[in-house]
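Since the structure comes first, as structure tokens, the remarks are kept for the end.
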Amino acid sequence: MRVVIVGASRFGQATAKELLESGHEVVLVDENPERLKSARETLDCGMVQGDGCLPTVQRDAFGDHADALVALTNADDVNVLAAAVGRSVGFPRVVPQIARPELLSVCQELGLSDLITPHATVARSIVRVLEDGADAALDLRYYKGVQVLGYKIGKRCHGWTVADFELPEKARIIGIARGENEEEFVFDIEELCEGDRLIIVAAPKAHEKLDAIFAEPPEPAENGLAERG
């Protein structure tokens, strides 16, 4: 699949990285040469400097074919315009990022059915981790340079306080969920209990350290002796 991304924002670059690692071809479009210069340091993909809302620039990025255009600038109106122009240019699929809810009706009127709505996605994911009780159901890695993760408290950490965790430098606990039917964060808990869930905001590469921190030791063998390999 060949994807054109308008906007070399952090989100745009992270999306490009994910697509490249999945074996897809990417063309990154941005009118800021410094952003593209920075992107070249980490991304091996096509680069087009120019206004991604202009048909001439989009056709240059389209080349002989492209499967989709994704508009990930930091301005909703730019993303909507880029998507509308992309349909005119001939992209089979256009996907703009929209943060402001009041623009959703405009997108509907323009026939833009594929939308990235980051704020709504965050809200739905928070509800999901609270309702489902999954160990890491909340996983929004690379959303504006951060990831939001959920971790269940096991037996080892029963009775701990939030201050007992030696988290990575760029990781913060933002809430605690308790109880199967809990629908809101609980902030004023002195001691954690087995089954509680911590909601953590962290830098993109911090999840490996966090996984290790919250990993539970293996259960001992039934006869009380360690199993031999």
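Since every read-out is calculated from the coordinates, none of them should be taken as a lab result. Worth saying up front: this structure is predicted, and the values here are computed from it rather than measured. All Cβ positions, glycine included, derive from the backbone under ideal geometry; neighbour counts span all protein chains shown.
Normalised by the residues of segment 1-98, what does the relative contact order come to in percent, with Cα pairs under 8 Å and at least six apart? Don't skip to the end; give the middle numbers.
Working: 189 pairs, mean separation 29.6, N = 98.
That works out to 30 percent.
For VAL162 and GLU41, calculate 0.36 nm times their separation in residues minus their Cα-Cα distance, and state this gained length in nm to one decimal. Walk me through the numbers on the way to the answer.
Numbers: separation 121, 0.36 × 121 = 43.56 nm, distance 3.80 nm.
Length gained, VAL162 through GLU41: 39.8 nm.
Cβ neighbours within 10 Å, averaged per peptide: list 147-158, 205-216 in order, most packed at the top.
In descending order of packing, they fall as 147-158, 205-216.
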